[in-house]
Amino acid sequence: MDIYSLEQIGQAPKQGCLLMYTRKEVIFEKYDCTGTDIKEYIASKVKVEKEDTILELHLFDTEREYRAVQSTAHRTYPGSAKGTAECVVTKEESQKDDIDEYVEDILLEKKFKQVGSRIRVINYMKYDDNGMAEMYNYRLALMEENGGEGE
């Protein structure tokens, strides 16, 4: 994924948590790009000289998540960079009439203790005509202990 071609990354939180999967490693840390170009910050984390490639990128805080995933599909996504599916999900998603939330608090591996001990996954559910639940989207969020959402 080419970080410089991402079209919606300007909607990412200026500070929060970075979760990035590359071909070589997983990077999970707090970041602060207030007054800094977020693309440059992310590019500095990838070891281009070792032919590393970003496969998935999450930038999130308590109220918003920006997500970019390298796409293997041969179709384009509206408002997304070529070959990438970009998505911005905000807290307001759960305020829609036909949406329910299912919240999971996930225990983090000890090597990520600088971020916190847990992370919140908020799943957004819709129901079909037969009343069957379908998870149609999700967002990552910081927990209260990390300066994020309370329980």
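The values are calculated or read from the model by the stated rules, or taken from the named source; none is laboratory data. Keep in mind that what you see is a predicted model, and the values were worked out from it rather than measured. Note that each Cβ is placed from the backbone with ideal geometry, even for glycine, and that neighbours are counted across all protein chains shown.
At-a-glance table
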| read-out | value |
| --- | --- |
| Residues within the range 10-38 that are in contact with a Leu (Cβ under 8 Å, 6 or more places away or on another chain) and in contact (Cβ under 8 Å) with a residue 24 or more places away in the chain, tallied | 15 |
| Pairs where the first residue, in the range 102-126, is at positive phi and the second is polar (S, T, N, Q) and surrounded by 12 or more Cβ atoms within 10 Å (Cβ to Cβ), C-beta under 7 Å, 6+ apart | Gly116/Asn146 |
| Odd one out for Tyr66, checked against (1) assigned to a strand (DSSP E or B); (2) free of Cβ contacts under 8 Å to residues at least 60 places away in the same chain; (3) farther than 19 Å from Glu92 by Cα | (3) |
| The range 6-33, subset closer than 20 Å to Val89 by Cα and among the hydroxyl-bearing types (Ser, Thr, Tyr), residue surrounded by the most Cβ atoms within 10 Å (Cβ to Cβ) | Tyr31 |
| Answer residue from the range 137-151, given it is assigned to a strand (DSSP E or B), of a type outside the set (Gly, Ala, Ser) and at pLDDT 85 or above and is farthest from Tyr124 (Cα to Cα) among those | Leu140 |
| Residue in the range 117-130 that is polar (S, T, N, Q) and either in contact with a Cys (Cβ under 9 Å, 6 or more places away or on another chain) or surrounded by 13 or more Cβ atoms within 10 Å (Cβ to Cβ) (or both) present | yes |
| Filter pass, Thr36 being within 22 Å of Ser71 (Cα to Cα) and among the β-branched types (Val, Ile, Thr) | no |
